[in-house]
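Engineer: Once you've had a glance at the structure underneath, I'll fire off some questions.
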Amino acid sequence: METLLKSEFAARLHVSKARVSQMIQMGLPLTTDGKVEVSAALNWIETHIDTSHKDSAARRQTNAPDTPAHAPPISDLPAEVLNY
């Protein structure tokens, strides 16, 4: 039986710790010491959580235009952009 801390389980699922807390409030099973028993939790998620939106979000990302990972530094912006 593999158990994880809530934060470790969140990292494994690529969700926030807050999302794991939400699922716990919805009934996600925990061990008596408050850890997540991985196989039981994954089974619970399969039967209680709608994950279909995750697939559509991934499709939207793959169809999204290329965007820069970050904005350029302010020093690289033309003066007319800065003097609005």
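Engineer: Extension gain Ser52-His14, at 0.36 nm per residue separation less the Cα-Cα distance, in nm?
Structural biologist: That works out to 12.1 nm of additional length.
Engineer: Tell me the Kirkwood radius of the stretch 1-50: reciprocal of the mean inverse pair distance over distinct alpha-carbon atoms, in Å.
Structural biologist: About 10.6 Å, per the Kirkwood formula over Cα pairs.
Engineer: Which one, Ile45, Ala18, Leu5, projects farthest toward the positive side of the charge dipole computed for the stretch 1-50 from Cβ point charges (K/R +1, D/E -1)?
Structural biologist: Of the listed residues, the answer is Ala18.
Each value in this text was obtained by applying a stated rule to the coordinates, not by laboratory testing. On a predicted model such as this, the values are computed, not experimentally measured, just so you know. Ideal geometry is used to build each Cβ from the backbone, glycine not excepted, and the neighbour counts take in all protein chains shown.
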